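Student: Take this structure, written in structure tokens, and hold onto it; I'll ask about it next.
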Amino acid sequence: MFRFKLFGLVVIAGLLLSQSAPHALAATCDSAQFVSDLTIPDGTTVTTGAAFTKSWRLLNNGTCVWTASYNVVWAGGDLMGSPASFRLPVVVSPGQMVDISVNLTAPATSGRYKAVFLLSNAEGVQFGIGEESDRPFWADINVVQTNAIIYDFVANAPYAQWKSGAGALPYPGASGDNRGYASQVNSPHLEDDSYDVAPGLLTVPQNRLNGYIQATYPEFQIQSGDRLQTLVNCEFGATGCYATFRIDYILPNNTQRTLWSAREAYDRRFYRANLDLTPLAGQKVRFVFLLSASGAATGDRAIWGSPRIIRLGTNQPRASLTGFHRPANWRRASERDRRVNLVIMRQMPHAISGGSAPVMASNATRRQIST
């Protein structure tokens, strides 16, 4: 009798489990996962009217095949010459990745611009990325006037004085030089596996504990509204990279002060500094770009991406990004932007008045900006 009762309990438990299993295994038919930006990382500087190609890599993490009837759809923001929709380049089965590209044109006015996109299935139902498959992916650029880049630190690198703890260094340096070396990289390979469209500087510190490399540039006169901008990150694949980026300036009386600094580890992300030089307006300064190891220098390969001084004059960037327009047939209500635009800014009240000591920027100071 006991065995019959035990058998009955097992059967009932099995029935209950079989009834609940389909709910636990339910999956989304149309769903995408963002993998990487293949070109034009967020915040890339593009000159007014310039044509460019934005490419993404997406993964089909749903259960349905993306057939030849699936489209990429412009879903809002700035059009930038995008077609309203275009077909996926190939059929994409669940678990497969696809590279998607669209040809765009930068607007004629300086500012920050963003075009957002979704996917749509054969019935025209739109879907995207994220946990609920409802978030867009985008092209996000910073547009400047052609003549707005008034000082290019990459182009002027041969005129800088390069040195490390081992003494003066040649530029460009020889790869593998234990004294440290630097060279121009035309399409820097960034930590997130994307490529920057503008040239940058690869800097490798002296191969010793807390080794460094630095470049002191010729004198430059600052005007009100000038901004120093640069991308900073470790070179793709340099997984042991852990270094400090620092920018100093030297006044005419040879006083040297730190403008900005940030410590960077290989975390598959890149960061942009956007520094207001207005407190230094009217002064002639020499900028010093310094890269120092945080401990052992082995594996430190650091990229200064498109370091330059921008002079926008009366063409100031817009205060905010264009809002995201939700299409009528979008099947989700959420429009929260997942983008983490990590910008490190350093104001300089001490530049004229000799105030507080420089601040080391850390992860805590990197602001998350979402639309």
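Taken together, the values in this text are just the output of simple stated rules run on the coordinates, not laboratory data. The shown structure was predicted, so the numbers you read here are calculated from the model rather than taken from an experiment. FYI the Cβ positions are ideal-geometry reconstructions off the backbone, even for glycines, and counts take in every protein chain you see.
Student: Place a point 7 Å from Cα of residue 193 in the direction of its Cβ. Which residues in segment 49-79 have their backbone N less than 13 Å from it?
Tutor: 56-60
Student: Set the Förster distance to 25 Å, then compute FRET efficiency between residue 224 and residue 50 from the Cβ-Cβ distance, nearest 0.05.
Tutor: 0.40
Student: Also, I was wondering about something else. Averaging sequence separations of C-alpha pairs under 8 Å and six or more residues apart, then dividing by the length of segment 42-201, give the relative contact order as a whole percent.
Tutor: Reported as a whole number, the value is 22 percent.
Student: Something else now. Distance from a point 7 Å along Cα→Cβ of residue 36 to each backbone N in segment 268-312: keep the residues under 12 Å and list them by number.
Tutor: Taking a point 7 Å out along Cα→Cβ of residue 36, the residues of segment 268-312 whose backbone N falls under 12 Å are 268-269.
Student: What is the spin-label model distance, in nm, from residue 278 to residue 186 if the labels are put 7 Å beyond Cα along the C-beta direction?
Tutor: With each label placed 7 Å out from Cα toward Cβ, I get 3.9 nm.
Student: Then there is this: Give me the extension gain from residue 101 to residue 209: residue separation times 0.36 nm, minus the current Cα-Cα distance, reported in nm with one decimal.
Tutor: Extra length from residue 101 to residue 209 when fully extended: 34.5 nm.
Student: If the label point is 7 Å along Cα→Cβ of residue 152, which residues in segment 185-208 have backbone nitrogen under 20 Å from it?
Tutor: 185-190, 195-203
Student: Let me know the charge dipole size of segment 199-278 about its Cα centre in debye, to the nearest 20, where only the beta-carbon of Lys, Arg (+1) and Asp, Glu (-1) is charged.
Tutor: 220
Student: Continuing with the same structure: Enumerate by residue number the GluC sites (Glu not before Pro) in segment 217-277 meeting two conditions: DSSP loop (anything except H, G, I, E, B), and at most 16 other Cβ atoms within 10 Å of the site's Cβ.
Tutor: Qualifying residues, ordered by number: 219.
Student: Starting from segment 102-156, pick out the GluC sites (Glu not before Pro) whose DSSP state is loop and whose Cβ has at most 11 other Cβ atoms within 10 Å.
Tutor: For GluC sites (Glu not before Pro) across segment 102-156 that sit outside H, G, I, E and B with at most 11 neighbouring Cβ atoms in 10 Å, the list reads 123, 131.
Student: Express in whole angstrom the spacing between the alpha-carbon centres of segment 215-285 and segment 130-189.
Tutor: 11
Student: Among 296-303, 42-49, how do they line up by average Cβ neighbours within 10 Å per residue, starting with the highest?
Tutor: 296-303, 42-49
Student: I'd like to compare 94-103, 177-186, 160-169: which one has the highest average count of other Cβ atoms within 10 Å, and what's the full order after that?
Tutor: The packing order, highest mean first, is 177-186, 160-169, 94-103.
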